[in-house]
């Protein structure tokens with residue numbers, strides 16, 4: 001299989017896959033992603049093969065930032081795994097992964113019968129993903145619908161055409177997405193989500209960064225990180241809870257540091273923010 005050319009946000013999905021592959025090898029793993037390593041192997045020159053240990057992170061500023069990002073990605077993966085399990089058990093028979101990237105939850109999480117899972121992302125990302133999963137003979141544990149779209153555009157009609165039923169409760173996940181959108185783009189995205197959400201639908205994403213502000217600032221100052229940090233637009237930032245409440249959602253905030261401690265993970269510099277979950281309660 002030819003090595004792909006994933007750029008920008010698409011390349012960050014490979015970085016997250018590398019982190020998930022590494023976590024899946026740990027004896028105290030917080031999750032197991034059996035396909036993450038296949039994505040990394042399909043693009044062997046995209047990132048270095050090794051992960052920094054504590055000594056390397058202390059000696060190398062870039063390694064230190066990378067280690068903080070890795071901890072953050074692991075924690076958010078486990079948190080959102082738990083969120084989707086709970087939302088599914090609560091009756092959300094539709095699941096929508098916005099900016100699904102190289103996520104393999106359709107394959108690795110247990111799903112109730114008749115679950116329909118939609119994956120939305122850029123065509124280049126999904127094309128690479130489908131090639132790798134096909135080569136790995138992966139079999140999804142639920143009905144999986146892949147929808148190549150640009151989430152900055154109008155995608156509501158495409159989702160409906162693909163089978164999304166706005167009259168049924170849906171579990172939405174915006175993992176690692178909103179930071180790459182401007183405030184107007186995030187407003188447009190969440191307005192579309194709200195318009196497609198029946199009562200009892202649920203939504204989750206990171207509330208502010210789950211990295212310490214000093215780590216974020218340090219990353220912005222590093223030339224090697226510029227291809228990635230230049231993509232950060234901030235989304236709705238701290239205004240997200242108020243925005244959701246005004247648009248008919250009830251909101252809960254979950255502290256990232258407390259979540260890390262509950263799972264016995266030290267997260268210096270990595271667990272500074274929070275995760276947000278919301279439930280739709282006021283549909284027109």
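The values are calculated or read from the model by the stated rules, or taken from the named source; none is laboratory data. Values in this document were obtained by computation on a predicted structure and should not be read as measured data. Note: ideal-geometry Cβ built from the backbone for every residue, glycine included; neighbour counts use all protein chains shown.
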(Q) Anything in segment 85-112 that is part of a loop (DSSP other than H, G, I, E, B) and either crowded, with 24+ Cβ neighbours inside 10 Å or in contact with a helix residue (DSSP H, G or I) (Cβ under 9 Å, 6 or more places away or on another chain) (or both)? List them, or say none. (A) 92, 99, 100, 101, 102, 103, 104, 109, 110, 111, 112
Q: Considering every residue within segment 224-246, establish whether at least one is surrounded by 20 or more Cβ atoms within 10 Å (Cβ to Cβ), at pLDDT 95 or above, in contact with a helix residue (DSSP H, G or I) (Cβ under 9 Å, 6 or more places away or on another chain) and part of a strand (DSSP E or B).
A: no
(Q) Taking the conditions exactly as written (closer than 27 Å to residue 30 by Cβ and assigned to a loop (DSSP other than H, G, I, E, B)), does residue 166 satisfy them or not? (A) no
Q: With the checklist (1) touching a residue at least 60 places away in the same chain (Cβ under 8 Å); (2) touching a helix residue (DSSP H, G or I) at 6+ places or on another chain (Cβ under 8 Å) in hand, flag the one item residue 200 doesn't pass.
A: (2)
**Q.** residue 266 part of a helix (DSSP H, G or I), modelled with pLDDT under 90 and over 20 Å from the mean Cα position of the chain (by Cα)
**A.** no
Q) Among the residues of segment 114-149, which ones are at pLDDT 95 or above, under 18 Å from the mean Cα position of the chain (by Cα) and in a loop (DSSP other than H, G, I, E, B)? A) 149
Q.
Against the conditions (1) modelled with pLDDT under 95; (2) surrounded by 17 or more Cβ atoms within 10 Å (Cβ to Cβ); (3) touching a strand residue (DSSP E or B) at 6+ places or on another chain (Cβ under 8 Å), where does residue 255 fall short? Just the number, please.
A. (2)
